[in-house]
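One structure is given below, encoded as structure tokens.
The values are calculated or read from the model by the stated rules, or taken from the named source; none is laboratory data. These numbers were taken from a predicted model, which means no experiment stands behind them. With ideal geometry, Cβ positions are generated from the backbone for all residues, glycine too; neighbour counts draw on all protein chains shown. Protein only, heavy atoms only, side chains kept; ligands, DNA and RNA dropped before computing areas. Shrake-Rupley method; radii C 1.70, N 1.55, O 1.52, S 1.80 Å.
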Amino acid sequence: MSFAYGERTILERINLKIPRGRLVAIMGGSGSGKTTLLRLISGQVAPQQGEIIVDGRHVEHMSERELFEHRRRMGMLFQFGALFTDLSVFDNVAFPIREHARLPDAMVRDLVLMKLAAVGLRGTQDMMPSELSGGMARRIALARAIALDPQLMLYDEPFTGLDPISLGAIAHLIKKLNDALGTTSVMVTHDVERSLNIVDYVYFVAGGTLIAEGTPDEVRASASPWVRQFVRGEADGPVHLAYPATTTLSADLGLGDAHA
Amino acid sequence: MLDALLAPFARLGHWVIEAVRRLGFISRFLFAILMNSAQSLTRFHLVIREIYFAGVLSLIIIVVSGLFVGMVLGLQGYTTLVRFGSADALGALVALSLLRELGPVLAALLFASRSGSAMTAEIGLMKATEQLDAMNVMAVNPIARVVAPRFWAGVLSMPVLAALFNVMGILGGYYVGVILIGLDGGSYWSQMQANVDLHVDVVNGMIKSLFFGAAVTLIAVFEGFDATPTAAGVSAATTRTVVTSALVILALDFVLTAFMF
Amino acid sequence: MKRTTIDLWVGIFVAIGLAAVTFLSLKVANLTPQGADKTYTLYAEFDNIGGLKVKAPVKASGVVVGRVTGIALDTKNYLARVNVAIDSQYAFSRDTSAEILTAGLLGEQYIGLVQGGDEEDLKPGDRIAITSSAMVLEQLIGKFMTSFAEGSGQDSKQP
């Protein structure tokens, strides 16, 4: 499967499988196309070539209606939560329930409180998103994403910008939800240590292609220089610091001619 | 040399292509809004909520501006009319200028800068903070859930605001003409009643404001939806909303006036 | 913001809007709700109605007693046929005369009714028989100029 924004190829000939009920992480540096992968799975963008099959169905050929059907069975946690800032916490979590199911108010209320309890934030329902800390907002967003008990959960950088305690809480919740609900989970992240502790399998993406994969133990023991660089967080290695420019710096600065 | 001569044409061409492209986008966007408006009707509280933000919160600025515009019209109209010995026609002058032109146009300009810019900024920020994406992923169409209710709220609020602006203006003219200057109150109203036609002046003015409301809100929600999802992008989109709305209101006013009167 | 508060405010907003439109229709455009039974229709034929318009007032001794409701050209005799609605509380005799007058030199034109002496009154749908047409300023000036020219011509023939 390949994908490009305009002429800039983001992903090239990627082939990966995510088994049902597992928690899988996709890792890679910033700009390696991880988030695009999630957008492809959720059908927000379509690939130029290849196919995306979720639960036996081709996402890339779906009509608008089928796509909405597909997304109804799917939950997604956005990088910064993406809570609706004009709605209260309660209304945020109730949003997918109210949009997709005609339930009596009392039942909606019970469902919302259950989901809030699941993320440990019962009692915040009357607050507005602006009153929440980053970690709390992320957990509310998680409660909203699981409101309809999805079969597939997508996490877009769930650990970014959180303090270690909130981060631990989120990681714990993701693991717990995956085990408890039997949901298939795909997590895009670059927080290596934290995710290696909770996931079942890891794919490494760099430069738009898949370069390594394995269980957390295999990854830790990996001999691949790229994986070693990523896991240890070294500044230079197979992945270079600089963006691959087509011109040299001296040419850009207009020095080329003078020195030629 | 040739390049320098051709450059203005290239700019003109670029400008025209860009304008046509945006016109095409905005037409498709309007079509999408209309196709996704069913939910706005079945769940009318979504529209009511937006009427609150677009209409109710604009009341103060409309009332105050209307009053002052009417007072200025009263003052200016009086000093002009009194030269021709027809100061009694002040009521007709104030009412006709407001009903036909100033009411719909000024109310729409105020609405664009008060509510239109707010709509653009709000939708732009929702885009920037991935709220629209989140909705999409939750299988909720943002055009049906976010854009269409705002559009209809704008279309419905505008005539109300314009009517209120007219009433306040006429009362402002009354205050200056009758209470401050001392014209006869009876002839202020009777001159107005003799010269204002319900259909030609009042109804046409309302129709105008309906068009303005649709145009301003369409521009506002489109700019918000089309905004580059960054702080600079949202602020640029907000500016564009106000500028484009102002130009479109004035151009549309000319076209509608030519057809109506 | 609670939903009930928003509902309340939007309700007030709509009420203000309705009040504004009512004010504009009634007080400003003078749309007085009149039942059809409160007026009756007469018609009159004129050679020339000048600038008379529909909704122009019909006055008797300066008091508004009705309005012009329709203006058409009768193609049988090529006269202007003007329908007027008269307030039912006013009755006019059968030999009432109608003329088209102008308020001021350049003001709006209206129909003036002058009560006659007949004992029978006009019934709804009747014709006002005695009419005199509008004074058209151009024709008036034209006449004046011709008579002036004729007069001065005669003067020059009689030294």
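Laid out as a table, the results:
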quantity: Filter result for B:Ala162 (within 30 Å of B:Ala92 (Cβ to Cβ) and assigned to a helix (DSSP H, G or I)); calculated: yes
quantity: Residues satisfying the stated conditions in the stretch C:60-94, i.e. open to solvent by less than 50 Å² (accessible area, probe 1.4 Å) and within 14 Å of chain B (Cβ to nearest Cβ); calculated: C:Val68
quantity: Test: B:Leu156 is within 11 Å of chain C (Cβ to nearest Cβ), open to solvent by less than 10 Å² (accessible area, probe 1.4 Å) and over 19 Å from C:Asn30 (Cα atoms); calculated: no
quantity: Residues (open to solvent by less than 40 Å² (accessible area, probe 1.4 Å), within 9 Å of chain B (Cβ to nearest Cβ) and modelled with pLDDT under 90) located in the stretch C:8-47; calculated: C:Leu24, C:Ser25, C:Val28, C:Ala29
quantity: Test: residue in the stretch B:160-174 that is farther than 17 Å from B:Gly103 by Cβ and of a type in the set (Phe, Trp, Tyr); calculated: no
quantity: Hey, A:Ala141 within 14 Å of chain B (Cβ to nearest Cβ) and closer than 22 Å to A:Leu23 by Cβ or not; calculated: yes
quantity: In the stretch A:39-74, the residues that are facing chain B (nearest Cβ under 8 Å) and within 23 Å of A:Arg139 (Cα to Cα); calculated: A:Ser42, A:Arg71, A:Arg72, A:Met74
quantity: Top-ranked residue of the stretch B:48-64 - restricted to ones that are more than 9 Å from chain C (Cβ to nearest Cβ) and within 19 Å of B:Leu210 (Cβ to Cβ), ranked as surrounded by the fewest Cβ atoms within 10 Å (Cβ to Cβ); calculated: B:Ser58
quantity: Hits in the stretch B:159-182 - residues which are surrounded by fewer than 23 Cβ atoms within 10 Å (Cβ to Cβ) and either over 28 Å from the mean Cα position of the chain (by Cα) or farther than 26 Å from C:Gly17 by Cα (or both); calculated: B:Val178, B:Ile179, B:Leu180, B:Ile181, B:Gly182
quantity: Yes/no for A:Thr184 being open to solvent by less than 60 Å² (accessible area, probe 1.4 Å), touching a strand residue (DSSP E or B) at 6+ places or on another chain (Cβ under 7 Å), modelled with pLDDT of 80 or more and over 30 Å from A:Lys115 (Cβ atoms); calculated: no
quantity: Strands (runs of 3 or more DSSP E) contained in the stretch A:1-107 and holding at least 2 residues surrounded by 18 or more Cβ atoms within 10 Å (Cβ to Cβ) and modelled with pLDDT under 80; calculated: A:8-11
quantity: Residue within the stretch B:68-90 that is closer than 20 Å to B:Ala246 by Cα and either open to solvent by 20 Å² or more (accessible area, probe 1.4 Å) or within 21 Å of the chain's Cα centre (by Cα) (or both) present; calculated: yes
quantity: Of all residues in the stretch B:114-153 being at the interface with another protein chain (Cβ under 8 Å from one of its Cβ atoms) and charged (D, E, K, R), the one that is most open to solvent (accessible area, probe 1.4 Å); calculated: B:Glu122
quantity: When residues of the stretch B:74-116 are limited to those that are hydroxyl-bearing (Ser, Thr, Tyr) and in a helix (DSSP H, G or I), the one nearest to B:Ala153 (Cα to Cα); calculated: B:Ser115
quantity: The stretch B:17-47, subset under 18 Å from B:Phe225 (Cβ atoms) and not in a helix (DSSP H, G or I), residue least open to solvent (accessible area, probe 1.4 Å); calculated: B:Ser37
quantity: The stretch A:75-98, residues that are facing chain B (nearest Cβ under 8 Å), more than 15 Å from A:Pro150 (Cβ to Cβ) and aromatic (Phe, Trp, Tyr); calculated: A:Phe80, A:Phe84
quantity: Residue count for the stretch C:136-159, restricted to those that are modelled with pLDDT of 80 or more and either closer than 22 Å to C:Glu99 by Cβ or touching a helix residue (DSSP H, G or I) at 6+ places or on another chain (Cβ under 9 Å) (or both); calculated: 4
quantity: Positions within the stretch B:63-92 being touching a helix residue (DSSP H, G or I) at 6+ places or on another chain (Cβ under 7 Å) and free of Cβ contacts under 8 Å to residues at least 24 places away in the same chain, in sequence order; calculated: B:Leu81
quantity: Residue satisfying all of: in the stretch B:203-215; open to solvent by less than 10 Å² (accessible area, probe 1.4 Å), within 13 Å of chain C (Cβ to nearest Cβ) and over 22 Å from B:Ala236 (Cα atoms); modelled with the lowest pLDDT among these; calculated: B:Gly205
quantity: From the options B:Leu250, B:Leu218, residue that is part of a helix (DSSP H, G or I) and crowded, with 16+ Cβ neighbours inside 10 Å; calculated: B:Leu218
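Table: residues versus (1) modelled with pLDDT under 75; (2) in contact with a strand residue (DSSP E or B) (Cβ under 6 Å, 6 or more places away or on another chain); (3) not in a loop (DSSP other than H, G, I, E, B).
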residue	(1), (2), (3)
A:Ser166	no, no, yes
A:Lys175	no, no, yes
A:Phe204	no, yes, yes
A:Ser222	yes, no, no
A:Gln229	yes, no, yes
